[in-house]
Amino acid sequence: MSIVIEIFSWLFIETIVGFIFYSTGCLLLKVLTFGKFEIEFKDLTAYKGHKSTKVNLACLLGIVFYVFIIILIATLNN
C-alpha cells in the first residue's frame, strides 16, 4: 500500500513542478519575444492534456532558468 501512495505522490509532484517549469518558460519566451509568443495553456488541466514539443521546450527553458538562478546564487555566496 505504501508503494502505491508513493507513486501517486511522485506523479502529483511531477505534474506540479512540470507546470511551474512550463509557466516560467512561457513567461520568459513572452518577455524575450516582446509578447509575440502565444501561451497555449493557461491552466493545469490543459497542460496535462496536451504535452507537445512546444511544452517540452518551454519546460526546458524554465528548468534552465532555475538552474541558472541556483548557480548564480551559489557563485555569489562564495
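The values are calculated or read from the model by the stated rules, or taken from the named source; none is laboratory data. From a predicted model like this one, the values you see are computed outputs, not experimental measurements. FYI the Cβ positions are ideal-geometry reconstructions off the backbone, even for glycines, and counts take in every protein chain you see.
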Selection over the stretch 21-45 where residues are in a helix (DSSP H, G or I), at pLDDT below 80 and touching a helix residue (DSSP H, G or I) at 6+ places or on another chain (Cβ under 6 Å) yields a count of 1
Exercise. Within the stretch 46-53, can one find any residue that is surrounded by 13 or more Cβ atoms within 10 Å (Cβ to Cβ) and at pLDDT 80 or above?
Worked result: no
